[in-house]
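Worksheet: one structure, shown below.
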Amino acid sequence: VDEKELLGVLAILDALAADEQRSSEELADQVGLPPASAAEILRGLEERGGVEQTGPGTWRLGPELLRLGRLAWSAAFDADAARA
């Protein structure tokens, strides 16, 4: 994965976090990617549970991000407790 692809992934996740659901076309426009690139990123994220389709061409954040968020929260809480 090159830096441009990684930034595209992060931009798409940010856009979905802000708006809950977006179409592929809206995401591509919002993050400044060609539609084919946005679609490729979305398919890759979907395979890993990072996003899920809510309808034809409409996406939202997926359950894997919730799991990762919980792990990050737990790790941060544990680190804070260890410092106290």
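Restricting to the range 1-18, name every residue that is more than 12 Å from the chain's Cα centre (by Cα) and in a helix (DSSP H, G or I).
Once the filter is applied, which keeps residues that are more than 12 Å from the chain's Cα centre (by Cα) and in a helix (DSSP H, G or I), the range 1-18 yields Glu3, Lys4, Glu5.
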* Looking only at helices (runs of 4 or more DSSP H) that fall completely inside the range 19-84, which ones have 1 or more residues that are farther than 15 Å from Glu5 by Cβ and open to solvent by less than 50 Å² (accessible area, probe 1.4 Å)? -> 24-31, 63-83
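Which of the residues spanning the range 1-18 are surrounded by 20 or more Cβ atoms within 10 Å (Cβ to Cβ) and either of a type in the set (A, V, I, L, M) or touching a strand residue (DSSP E or B) at 6+ places or on another chain (Cβ under 7 Å) (or both)?
Within the range 1-18, Ile12, Leu16 qualify.
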* Return yes or no: is Glu46 farther than 18 Å from Gly69 by Cα and not hydrophobic (A, V, I, L, M, F, W, C)? => no
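The values are calculated or read from the model by the stated rules, or taken from the named source; none is laboratory data. Predicted model only: the values in this text are computed from it and were never measured. FYI the Cβ positions are ideal-geometry reconstructions off the backbone, even for glycines, and counts take in every protein chain you see. Surface areas here come from the heavy atoms of the whole protein model, side chains and all, with no ligands, DNA or RNA. Shrake-Rupley method; radii C 1.70, N 1.55, O 1.52, S 1.80 Å.
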